[in-house]
Amino acid sequence: MLYYTLVFLVVAVIAGALGFGGVASASSSIARILFGLFLILFLVSLVMQLVGRS
């Protein structure tokens, strides 16, 4: 999932550099959503692992 976040981030940067505002905006929004989802899943798995050790 982190791979897709990085792919959409790169697409957004390239599209922004080339002047495609709509594509850059959409790609950056998707990358932001995927990154947030990845962060939430990471934190949940970290908490579950710490609780499981006790």
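Structure above, values below:
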item: Relative packing of 36-48, 3-15, which averages over residues the other C-beta atoms within 10 Å, highest first; result: 3-15, 36-48
item: Cα long-axis angle, helix 21-53 against the chain (0 to 90 degrees, to the nearest 10); result: 10 degrees
item: Potential lengthening between L50 and L6 on full extension [0.36 nm per residue; Cα-Cα distance subtracted]; result: 13.0 nm
item: Rg to Rh, two decimals, where the chain supplies the alpha carbon set and Rh follows Kirkwood; result: 1.25
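Taken together, the values in this text are just the output of simple stated rules run on the coordinates, not laboratory data. Quantities reported herein were computed from a predicted structural model and do not represent experimental measurements. Here the Cβ is made from the backbone with ideal geometry for all residues, glycine too, and neighbour counts use every protein chain on show.
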